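The values are calculated or read from the model by the stated rules, or taken from the named source; none is laboratory data. Quick caveat: nothing in here was measured; it's all calculated off a predicted structure. Note that each Cβ is placed from the backbone with ideal geometry, even for glycine, and that neighbours are counted across all protein chains shown.
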Amino acid sequence: MIQPGDRLPPVELVTASGAAVELGAFLEQTLVVVAIRYYG
Amino acid sequence: MREALPAIRAAGADVLAVGTAAGWQAAALMAGHGEQPPLGYQCAVDPDHNLYRALGLGRVRAYEWLTPRLWRNYVSAFGRGARQGRVTGDIHQKPGLAVIAPDRTLRWLHRATTVGDYPPIASVLDALRTRG
């Protein structure tokens, strides 16, 4: 299981408009990634 | 998180929210709706749970829905003004919060032990300031 100090593998996400995007596209700077259960 | 955004950006970072669904809700939050102003940061969705698997975030087991801590988190969120919208996506997915460097290094990670288990924002800011 990944731990701090490890590198994340490529992670495919979907933009709000429905386009596939890789997590790295958001990583122009350090990111605080909040993984929630759902929007609502 | 919206309230913490200026401090996070002052620490040289930005925020990305990821939900299990749904894109239309993420778009509405980013744009603002009703009396809610725009979030001010990006939202994405992860219908295949790729990020959740990569971070090792767990699932809410059946018995955990009966634990007081889970319901305390709901009541606490309600007290802070949070209101439940339309439920979409996967309600059994536990949340988490990660600090990820541009080179994809995981700098800090909080895996929720139950629903609504988010770290204090001070811990996140400490992680941004001290592990850069």
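Screening B:H33, B:H49 for residues that are within 29 Å of A:A19 (Cβ to Cβ), more than 10 Å from chain A (Cβ to nearest Cβ) and either surrounded by 17 or more Cβ atoms within 10 Å (Cβ to Cβ) or over 12 Å from the mean Cα position of the chain (by Cα) (or both) leaves exactly one candidate, B:H33. Looking at the range B:68-81, can you tell me whether even one residue there is touching a Leu at 6+ places or on another chain (Cβ under 8 Å), within 12 Å of another protein chain (Cβ to nearest Cβ) and surrounded by 14 or more Cβ atoms within 10 Å (Cβ to Cβ)? No, every residue in the range B:68-81 fails to be touching a Leu at 6+ places or on another chain (Cβ under 8 Å), within 12 Å of another protein chain (Cβ to nearest Cβ) and surrounded by 14 or more Cβ atoms within 10 Å (Cβ to Cβ).
Is there a residue in the range B:98-112 that is under 14 Å from the mean Cα position of the chain (by Cα), at pLDDT 95 or above and small (G, A, S)? Yes, there is a match, as at least one residue in the range B:98-112 is under 14 Å from the mean Cα position of the chain (by Cα), at pLDDT 95 or above and small (G, A, S). Of the residues making up the range B:20-54, those that are under 17 Å from B:P95 (Cβ atoms) and touching a Lys or Arg at 6+ places or on another chain (Cβ under 7 Å) are B:T20, B:L39.
With respect to the stated conditions, B:R111 is within 26 Å of A:L23 (Cβ to Cβ), more than 7 Å from every other protein chain (Cβ to nearest Cβ), among the charged types (D, E, K, R) and surrounded by 15 or more Cβ atoms within 10 Å (Cβ to Cβ). Among the residues of the range B:117-132, those that are facing chain A (nearest Cβ under 9 Å) and touching a residue at least 40 places away in the same chain (Cβ under 8 Å) comprise B:V124, B:L128, B:G132.
Entry remark, the range A:6-22: residues being of a type in the set (A, V, I, L, M, F, W, C) and either assigned to a strand (DSSP E or B) or more than 7 Å from chain B (Cβ to nearest Cβ) (or both) number 5 in total. Looking at B:A27, is it surrounded by fewer than 18 Cβ atoms within 10 Å (Cβ to Cβ), hydrophobic (A, V, I, L, M, F, W, C) and either under 26 Å from B:L128 (Cα atoms) or facing another protein chain (nearest Cβ under 7 Å) (or both)? When the stated conditions are applied, B:A27 passes them.
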